[in-house]
2 protein chains.
Amino acid sequence: MKNHHRSVKILRRGDLAKLTGCNLETIRYYENIGVMPEPPRTSKNYRAYDESHVGRLRFIMRARELGFTLDEVRDLLALVDGGVQTCGEVQGLAISHLASVRAKIDDLKRIERVLSSTVAQCTGDDVPECPVIDALTEVT
Amino acid sequence: MKNHHRSVKILRRGDLAKLTGCNLETIRYYENIGVMPEPPRTSKNYRAYDESHVGRLRFIMRARELGFTLDEVRDLLALVDGGVQTCGEVQGLAISHLASVRAKIDDLKRIERVLSSTVAQCTGDDVPECPVIDALTEVT
DNA sequence: CCTTGAGCCTGTATCAACTACAGAGCCTAG
DNA sequence: CTAGGCTCTGTAGTTGATACAGGCTCAAGG
């Protein structure tokens, strides 16, 4: 049996995709925009990833799930990569991101209030009068 | 004085933009994608809008503010334009949209919880240990 | 009369964050 | 030996706009 735990197992793009649940094409995209590093290539020009790339990609995906933009992810990675990152710097990014998340929640809640109160007035009948349309058409 | 209330005053694109607060280019965009009708043109090929276009554009803008996608707006307009729209049909669209708004709120709230509890653990010091980075790097 | 500026026209490029596809190369199993 | 599955590249499409270039037209001022 080759490839037991002695040698460093290389991963191809598809392997990395499967391990992380990331879309195959997205990996290449992340490389293009510089959030994933250009990996070494095999003699046949295939990308050769290792465990470190799995970690990096998982980091990116987790940050994206938390709603950080790719620009923000780049900032976070720069701090991590720089090795000089301090808790204070990272906290700053997270706090300002948190503020924008809260703003979005407030916006959506406002929308939710308007929509639900409007829908509540609907008869749901086969009649052409509709409070939703009225609300949208309103000349107020 | 010409153009007192007797004749129908025509509006140019810039007028429509000013009246509604819509961006000038966005009006053309809405025409291209078919949510605004192609207006008649003057002899010099200028778009000639009237009051009905103001109403239509305001409708679109209000729906967008409420988070309806342009596809959903198209559906709403089709119901209104068809003349056969019933309160029930419109209510259906609004309800399903409401559901997606609520889902988005829930997502963001989850993110908010994770972020705020993580940030709360930060010391904010000039040290390289950072709970935010830990949360992102976590191998759990 | 001429110029200058404002407004309009068109088509096309840009943004985020992906996703997808075409056309080619490579490798392995049957 | 060939069929398939994987990889490679570059490029296009998505949503909802926004911006810009290059060219017309029009009204006012000098």
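The values are calculated or read from the model by the stated rules, or taken from the named source; none is laboratory data. Predicted model only: the values in this text are computed from it and were never measured. Here the Cβ positions follow ideal geometry from the backbone for every residue, glycine too, while neighbour counts run over all protein chains shown. Note: areas computed on protein heavy atoms with side chains; ligands, DNA, RNA excluded. Shrake-Rupley method; radii C 1.70, N 1.55, O 1.52, S 1.80 Å.
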Within region B:125-140, which residues are under 16 Å from A:ILE95 (Cβ atoms), more than 7 Å from chain A (Cβ to nearest Cβ) and either exposed (fewer than 12 other Cβ atoms within 10 Å of the Cβ) or in contact with a Cys (Cβ under 8 Å, 6 or more places away or on another chain) (or both)?
B:PRO131
Taking region B:114-124 and keeping only residues that are open to solvent by 80 Å² or more (accessible area, probe 1.4 Å) and facing chain A (nearest Cβ under 7 Å), one is left with B:THR123
Residue by residue through region A:59-74, note down the ones that are of a type in the set (Lys, Arg) and either within 16 Å of DNA strand D (Cβ to nearest atom) or not in a helix (DSSP H, G or I) (or both).
A:ARG64
Name the single residue, out of those in region A:45-69 being within 11 Å of DNA strand C (Cβ to nearest atom), at pLDDT 95 or above and out of contact with any Cys (no Cβ under 9 Å at 6 or more places or on another chain), that is farthest from the other protein chains (Cβ to nearest Cβ).
A:ASN45
Please go through (1) more than 11 Å from DNA strand D (Cβ to nearest atom); (2) assigned to a helix (DSSP H, G or I); (3) away from chain B (no Cβ under 11 Å) for A:GLY88 and return the number of the only condition it doesn't satisfy.
(3)
So which residues in region B:35-50 are under 23 Å from B:LEU79 (Cβ atoms), surrounded by fewer than 18 Cβ atoms within 10 Å (Cβ to Cβ) and touching a residue at least 24 places away in the same chain (Cβ under 8 Å)?
B:ASP50
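Yes or no, residue by residue, for (1) out of contact with any helix residue (DSSP H, G or I) (no Cβ under 9 Å at 6 or more places or on another chain); (2) surrounded by fewer than 17 Cβ atoms within 10 Å (Cβ to Cβ):
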{"residue": "A:ALA63", "(1), (2)": "no, no"}
{"residue": "A:PHE68", "(1), (2)": "no, no"}
{"residue": "A:LEU77", "(1), (2)": "no, no"}
{"residue": "A:VAL80", "(1), (2)": "no, no"}
{"residue": "A:SER100", "(1), (2)": "yes, yes"}
{"residue": "A:LYS109", "(1), (2)": "no, yes"}
{"residue": "A:GLU112", "(1), (2)": "no, no"}
Hits in region B:12-27 - residues which are out of contact with any helix residue (DSSP H, G or I) (no Cβ under 7 Å at 6 or more places or on another chain) and not acidic (Asp, Glu):
B:ARG12, B:LYS18, B:GLY21, B:THR26
Taking the conditions exactly as written (within 12 Å of DNA strand D (Cβ to nearest atom) and open to solvent by 20 Å² or more (accessible area, probe 1.4 Å)), does B:ARG13 satisfy them or not?
yes
For region A:9-34, how many residues are assigned to a helix (DSSP H, G or I) and either near DNA strand C (Cβ under 10 Å from one of its atoms) or touching a residue at least 40 places away in the same chain (Cβ under 8 Å) (or both)?
11
